[in-house]
Structure formats: C-alpha cells, structure tokens
1. Kindly give Rg over Rh for region 64-158, based on alpha-carbon atoms, with the Kirkwood expression for the hydrodynamic radius.
2. Which distance in nm do the two modelled labels at residue 152 and residue 120 give, with both placed 7 Å along the Cα-to-Cβ direction?
3. How far is it, in nm, from the label point at residue 90 to the one at residue 113 when both lie 7 Å from their Cα along the line to the Cβ?
4. Holding the Cα-Cα limit at 22 Å, pick out from 74/152; 72/152; 74/148; 45/74; 40/148 the pairs that are longer than that.
5. So, in nm, how far is label residue 127 from label residue 144 when the simple model puts each one 7 Å beyond its Cα toward the Cβ?
6. Once the piece of chain linking residue 106 and residue 33 is laid out straight, how much longer is it, given 0.36 nm per residue of separation minus the C-alpha distance between them?
7. How much length, in nm to one decimal, is gained on full extension between residue 42 and residue 135, taken as 0.36 nm per residue of separation minus their Cα-Cα distance?
Amino acid sequence: MNKIFVFYLLLLCCLPGLDLKAQNRREHSPEQARQERLQKIQNAKIAYLTERLKLEPEQAQLFWPVYNQYEKEKNELRHQSRVFRDENLETMSEEEIRAGLNKRLEIKQREVSLEKQYMSSFLKVINSRQLAILYRSEREFTQMLLKKFDTKRTQGAQ
C-alpha cells in the first residue's frame, strides 16, 4: 500500500510539470520544450509500469532495454502509418488512395508481426501474467494521460 502511495505521489509530481511556464517557453525552443514534456511522460510511464509489473531489479535490468527497443520500433511503424494524415483526399487519384490503403494495411501487418516477435522476447524476461499486465497497464497509462490533458484543456478554456 505504501509503495502505491509513493508511486502516485511521484506520478502527481511529474505530470503537473508537463505544462511549461512562460519563462521556460522563452528560454527553450518549442522542440526543446516538446522533448522535455515527452521525457517527463516517459519517466512517469516507466515508474507506472515498473510498479504495476512489480519488476524485480534483475528483471528490470533485462526488461527495459527490450521494452525500449519495442517502443522505438512500434513508434516508427506508427509514424509510417500516417499515410493520409497530411494528404488532401479530394486531390488524390483513386490509384493513389488505393496504394495508400494498401500501405496502411501492410504496416498494420508489420505491427502484428512486431508484437508477436516481442511477445517471445518479453516472455524470456517476464512471465505471462506480467506480460498481460503490461499490455493492460500501457492502455491504462494512456487513458490516464489523456484524461489529465483533457482536464487541463477544459480548465484552460474556462
């Protein structure tokens, strides 16, 4: 119980720092500020997942390099899957749209292959219960983060 309290205290301390003060905005470029926010989110995610998975120190040493590589490859695929994000569909031909849809499907298949590959890698370091908790905890962390940002956005709009 005490660990959970410390964890949430840490989380509450990290996440409010995501909004940058005006002074920091002047001192840092927008890209630096973005990188700092992403690093704070990443640190909070590491703390959250470590607590939820109940990783032993020796497990954590083996787990985090595998997880970080998995996240890197998953993010690269996500970036590639934004086929139509910046395109004006009205100006694209049917062939271009079909090619984009095929590319999107190919990337989704690569995502499934990546997940299969890393499932095997994870199971060499953590047990199947911890892996299931990992997948659930990733979703929970994302939902928690989105809820926090939504709350901040609605408070800022008032």
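Nothing in this text is a laboratory measurement; each read-out follows from the coordinates by a stated rule. If you're wondering where the values come from, they're calculated on a predicted model, not measured in any experiment. FYI the Cβ positions are ideal-geometry reconstructions off the backbone, even for glycines, and counts take in every protein chain you see.
1. Values: Rg = 17.9 Å, Rh = 16.2 Å.
Reported Rg/Rh, Kirkwood definition of Rh: 1.10.
2. My value for the distance between the label points is 4.0 nm.
3. Going by the 7 Å Cα→Cβ label model, 3.8 nm.
4. Details: 74/152 28 Å; 72/152 28 Å; 74/148 24 Å; 45/74 16 Å; 40/148 14 Å.
Table pairs above 22 Å Cα-Cα are 74/152; 72/152; 74/148.
5. Here the answer is 2.3 nm between the modelled labels.
6. Details: separation 73, 0.36 × 73 = 26.28 nm, distance 3.39 nm.
Extra length available between residue 106 and residue 33 comes to 22.9 nm.
7. On the way: separation 93, 0.36 × 93 = 33.48 nm, distance 1.61 nm.
So the extension gain works out to 31.9 nm.
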